[in-house]
1. If we keep just the residues of the range 1-17 that are crowded, with 18+ Cβ neighbours inside 10 Å and in a loop (DSSP other than H, G, I, E, B), which is nearest to the chain's Cα centre (by Cα)?
2. Out of Leu76, Leu82, I need the residue that is of a type in the set (A, V, I, L, M, F, W, C), in contact with an Asp or Glu (Cβ under 9 Å, 6 or more places away or on another chain), in contact (Cβ under 8 Å) with a residue 12 or more places away in the chain and more than 13 Å from Tyr11 (Cβ to Cβ). Which one?
3. Checking the conditions here, which among Leu56, Leu69, Leu91, Leu50 is at pLDDT 95 or above, surrounded by 20 or more Cβ atoms within 10 Å (Cβ to Cβ) and more than 19 Å from Glu16 (Cα to Cα)?
4. Look at Gly31 and say whether it is at positive phi, surrounded by fewer than 19 Cβ atoms within 10 Å (Cβ to Cβ) and assigned to a loop (DSSP other than H, G, I, E, B).
5. Just one of (1) farther than 19 Å from Ala25 by Cα; (2) in contact with a Pro (Cβ under 8 Å, 6 or more places away or on another chain); (3) part of a strand (DSSP E or B) trips up Arg64, so point out which.
6. For Asp74, indicate whether it is closer than 29 Å to Asp4 by Cα and in contact with a Ser or Thr (Cβ under 7 Å, 6 or more places away or on another chain).
7. Consider only pairs whose beta carbons are under 7 Å apart and that are at least six residues apart or on different chains; among these, list those whose first residue lies in the range 86-98 and is part of a strand (DSSP E or B) and polar (S, T, N, Q) and whose second residue is at pLDDT 95 or above and surrounded by 14 or more Cβ atoms within 10 Å (Cβ to Cβ).
8. State whether one or more residues within the range 113-122 are acidic (Asp, Glu), surrounded by 14 or more Cβ atoms within 10 Å (Cβ to Cβ), in a loop (DSSP other than H, G, I, E, B) and at negative phi.
Amino acid sequence: MTPDPILLFAYGSLREGERDHAALAEAECLGLVATPPRYRLVDLGVYPALVEGGQLSVTGELYRIDRELRRRLDVLKECPILFQRHSIELLTGQHAEAYVMRDEQVRGRRRLHTGDWKKRFSPRFGLRR
């Protein structure tokens with residue numbers, strides 16, 4: 001780990017049990033965290049997109065990563081073409097990097113009623129247009 005570790009907020013495919021979690025195998029998980037209610041989660045099929053400007057508090061896992069791992073994650077997330085890496089605020093007051101999309105990239109896609117990607121199949125929350 002480099003002397004200046006980076007905090008990463010993983011809310012979708014990088015979370016434990018999800019398809020890209022293995023990419024964080026060498027990272028230190030600091031636990032579950034949430035954002036203030038300022039975001040939307042949009043269902044893109046096999047992964048979600050975090051979009052700023054909504055009313056959901058999004059749940060995710062906080063990881064400590066180094067610059068080399070961030071570089072590899074940028075490649076995985078096709079950053080900055082598909083996802084953009086932004087600093088977001090957490091309910092704890094900390095700031096962490098997260099992979100987000102712009103509103104125009106997800107226009108017309110289904111928005112989740114829940115801020116927790118792992119609850120995306122829950123009948124209570126479901127999906128909306």
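The values are calculated or read from the model by the stated rules, or taken from the named source; none is laboratory data. Quick caveat: nothing in here was measured; it's all calculated off a predicted structure. Counting neighbours? That spans all protein chains shown, and the Cβs are built from the backbone with ideal geometry, glycine included.
1. Tyr11
2. Answer to the selection: Leu76.
3. Leu56
4. Here the answer is no, as Gly31 does not meet what is asked.
5. Checking Arg64 against (1) farther than 19 Å from Ala25 by Cα; (2) in contact with a Pro (Cβ under 8 Å, 6 or more places away or on another chain); (3) part of a strand (DSSP E or B), the one that fails is (1).
6. no
7. Ser87/Glu97
8. yes
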